[in-house]
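Heads up, the thing below is written out as structure tokens.
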2 protein chains.
Amino acid sequence: MTHLSWESQLPIFKRGLSEILPESELIEKLKLNRPLRIKAGFDPTAPDLHLGHTVILTKLRQLQDLGHEILFLIGDFTAMIGDPTGKNVTRKILSPEAIAENAQTYRTQVFKILDPEKTQVMFNSEWMGKKSAGEMIGLASLSTVARMLERDDFSKRYQSGQSIAIHEFLYPLVQGYDSVAMRADIEFGGTDQKFNLLMGRELQKEFGQTPQICLMTPLLEGLDGVQKMSKSLGNYIGISEAPSEMYGKLMSISDELMWRYYELLSFCSLDALVVLKQSVKEGANPRDIKIDLAMELVTRFHSKEAAEKAKADFISRFSEQGIPEDLPEIELIGAPKGIAQALKEAGLVASSSEAYRMIEQGGVRVDSEKIQDKTQQLLSGTFILQVGKRRFSKITIK
Amino acid sequence: MTHLSWESQLPIFKRGLSEILPESELIEKLKLNRPLRIKAGFDPTAPDLHLGHTVILTKLRQLQDLGHEILFLIGDFTAMIGDPTGKNVTRKILSPEAIAENAQTYRTQVFKILDPEKTQVMFNSEWMGKKSAGEMIGLASLSTVARMLERDDFSKRYQSGQSIAIHEFLYPLVQGYDSVAMRADIEFGGTDQKFNLLMGRELQKEFGQTPQICLMTPLLEGLDGVQKMSKSLGNYIGISEAPSEMYGKLMSISDELMWRYYELLSFCSLDALVVLKQSVKEGANPRDIKIDLAMELVTRFHSKEAAEKAKADFISRFSEQGIPEDLPEIELIGAPKGIAQALKEAGLVASSSEAYRMIEQGGVRVDSEKIQDKTQQLLSGTFILQVGKRRFSKITIK
């Protein structure tokens, strides 16, 4: 059972959310003063999770700690369809073996965040696998083509002549039916899942249930602080990455992005967050606060010891290479940027030809890595540039 | 087995068809010199058959007599969806009881035309009823939204904002899959079924079968000779109508329409048809040929005796009422036409006021029925008008 009043719970529910549909109904539900059934569905199509995927899990953990029931849905049935959300081509259908394997990976990874004791893991094959073709047709009769083509992704594909397979229209229906089968009070999803979440509401109404409330989390920005974290953009932190990699990447983010990560990824309470922000305003070094965040996340995905070791390694690497602890941050506009240009703009060399000479002599490092290629491009993000033994600069390319 | 060469069979296959897709493949199939598996599907949604529904059955009977296998499919599974073809609203889903009842009515009625010994009756619930929701989704992955929206009926509904339920997109897929399950060589359908028939071809290819050939029959014109025969237009002859009703309606059709009905509804051979047409050119009375058609059809749906009796009744009714046997036919333009106007144009009255007076006195009959209502409208079609005891005219309103 929950111990906090609805007034105290509401801000915890709302933390970091981009949309609540509708907030009035959320308040009604909280006033019931019973554990709410909170659904979050994951298609086991991408077993390689990164921090972007953990935003919802982090929220679920916070709500779990308030006493609510987390229904963690592994969409092993829907994975056969493939969520068409945001896609511009039809997804390949995964084999049952690949789905089972991915589902297993998911289970192991999510319990680094969720409390297994307070989580019900469900598979939608449990109810959908028993349904007949006729029942699927009945489900399909509950929505319309126009309703589907209202969706941005579908409408774009249709307008531009990109094909949409019929079964992609069935995805939102099955996904919505899951909420019926699970009797969900609340469903979490990314903002891009809005359509699917609302379909759950509609189908619950069709089946005579009180419609769920849809809570949407924003998409987490990647290391560059601009684009959403994604494997294909290379701006991600995988949750299986080695402790020192993870620690180093977290220490490389900008101060602004650090607050965003605190909001969406940390278990640090809202009150504590207010205190931290105040301390920076009063002169505390943001780097120390970034260390706390890095420690929290490395501990979560590895262990306290691994985090301590990563921190120690990071510090000794910096001091070995003589990197000053308190580098000022310079913002450079225009990613991607050639390495020579970046060195020049950061004031570490006087000219491009000096930059090229230094690179040839092996005297240029980016984030401690020696640069071999004079034409290398730096994408948006934060980097520590080093020329020779003593010239350093911390830049953020936007 | 078939006894005729493919060259002799081809014109029998082609008789009255509006389209063959593709004819070259039909010839290849006929050259195989084996009984072909000919599919024709009927949704048991409208148990009340009229002659328009029998055009395909008549063709099937002709091909059955050549030795081919008729696979008569009762779409008891698809009836749950409802064929969206040509509809501008989503059909209601029928109850299993109503479907079973309609299917039974179908069986009784179609064997008035088909030879039960040479017909395999199939139900698509046999294979579709065993399919899972997952298999239905797999089937749905084989076509695209754009492909469906190419269809005239869907595209019109979509453009005009009329809703299309998602399950209506599943209909053509299930219908097409039937051809796979039935290993059809050929499928028959009305011209309005073109899209569904072609879907059968596509799915057979997907499942590694030689695609079926699609043979399309035209829509039969109703008694008016203009619009397609349909219950809602009132221009139909139901196959369960009483012998004298059926006989009378057939005798009322125009000479031109008579040839059309011969082509599409009679078992009379192509050669015999040529002889009949020649005889009319040489002065034979079309009425006698119409009597033969009426006799053939009443015999088919009732019995030889019933047909003889209907004929005798018809003749005595005519002679009782003093209707001359050889009324000339007059064509009037502009349906619907007020009864008074029709009488005037047919030269039976001198003025509208005379017409009104005659009606009031009970002296006007249309097809032997006394007219009570001065404002009655005549739709397009052929009628015998009578004023008083001796004035007659046979008119065709177009």
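The values are calculated or read from the model by the stated rules, or taken from the named source; none is laboratory data. Here the structure is a predicted model, which is why all the values come from computation and not from measurement. In this analysis, Cβ positions are derived from the backbone assuming ideal geometry, glycine residues included, and neighbour counts consider all displayed protein chains. Surface areas here come from the heavy atoms of the whole protein model, side chains and all, with no ligands, DNA or RNA. Shrake-Rupley method; radii C 1.70, N 1.55, O 1.52, S 1.80 Å.
List of remarks:
- For segment A:340-357, the count of residues that are within 24 Å of A:MET295 (Cα to Cα), among the small types (Gly, Ala, Ser) and in contact with a strand residue (DSSP E or B) (Cβ under 9 Å, 6 or more places away or on another chain) is zero.
- Within segment B:173-204, the set of residues being out of contact with any strand residue (DSSP E or B) (no Cβ under 8 Å at 6 or more places or on another chain) and more than 20 Å from B:MET136 (Cα to Cα) comprises just one member, B:ASP192.
- Within segment A:31-51, the set of residues being open to solvent by 10 Å² or more (accessible area, probe 1.4 Å), more than 18 Å from A:THR191 (Cα to Cα) and hydrophobic (A, V, I, L, M, F, W, C) comprises A:LEU32, A:ALA46.
- Among the numbered conditions (1) part of a loop (DSSP other than H, G, I, E, B); (2) open to solvent by less than 50 Å² (accessible area, probe 1.4 Å); (3) not small (Gly, Ala, Ser), the only one that A:VAL226 does not meet is (2).
- Scanning segment A:118-129 for residues that are more than 8 Å from chain B (Cβ to nearest Cβ) and either outside any loop (DSSP other than H, G, I, E, B) or more than 27 Å from the chain's Cα centre (by Cα) (or both) returns A:LYS118, A:THR119, A:GLN120, A:VAL121, A:MET122, A:PHE123, A:SER125, A:GLU126, A:TRP127.
- Residue in segment A:268-283 that is surrounded by fewer than 18 Cβ atoms within 10 Å (Cβ to Cβ), in contact (Cβ under 8 Å) with a residue 40 or more places away in the chain and closer than 19 Å to A:SER18 by Cα present: yes
- Within segment A:341-366, being open to solvent by 70 Å² or more (accessible area, probe 1.4 Å) and either of a type outside the set (Gly, Ala, Ser) or in a helix (DSSP H, G or I) (or both) holds for A:GLN341, A:LYS344, A:GLU345, A:SER353, A:TYR356, A:ARG357, A:GLU360, A:GLN361, A:ARG365.
- Looking across segment A:174-198 at every residue that is surrounded by 24 or more Cβ atoms within 10 Å (Cβ to Cβ) and without any contact (Cβ under 8 Å) to a residue 60 or more places away in the chain, the one that is nearest to A:GLU126 (Cα to Cα) is identified as A:TYR177.
- Residue in segment B:312-322 that is in contact with a helix residue (DSSP H, G or I) (Cβ under 6 Å, 6 or more places away or on another chain), open to solvent by less than 40 Å² (accessible area, probe 1.4 Å) and either on the phi < 0 side of the Ramachandran plot or outside any helix (DSSP H, G or I) (or both) present: yes
- Spans of helices (runs of 4 or more DSSP H) in segment B:135-191 with at least 3 residues modelled with pLDDT of 90 or more and more than 9 Å from chain A (Cβ to nearest Cβ): B:167-182
- Flag for B:LEU203 being open to solvent by less than 10 Å² (accessible area, probe 1.4 Å), at the interface with another protein chain (Cβ under 8 Å from one of its Cβ atoms), more than 17 Å from B:LEU36 (Cα to Cα) and assigned to a helix (DSSP H, G or I): no
- Of all residues in segment B:206-223 being under 30 Å from B:LYS398 (Cα atoms) and out of contact with any Leu (no Cβ under 7 Å at 6 or more places or on another chain), the one that is most open to solvent (accessible area, probe 1.4 Å): B:LEU219
- Of note, B:GLN120 does not satisfy the criterion of being crowded, with 23+ Cβ neighbours inside 10 Å and in contact with a strand residue (DSSP E or B) (Cβ under 7 Å, 6 or more places away or on another chain).
- Some residue of segment B:97-111 being part of a loop (DSSP other than H, G, I, E, B), away from every other protein chain (no Cβ under 14 Å) and under 26 Å from the mean Cα position of the chain (by Cα): yes
- Enumeration of residues in segment A:1-37 that are part of a helix (DSSP H, G or I) and of a type in the set (Asp, Glu): A:GLU7, A:GLU23, A:GLU25, A:GLU28
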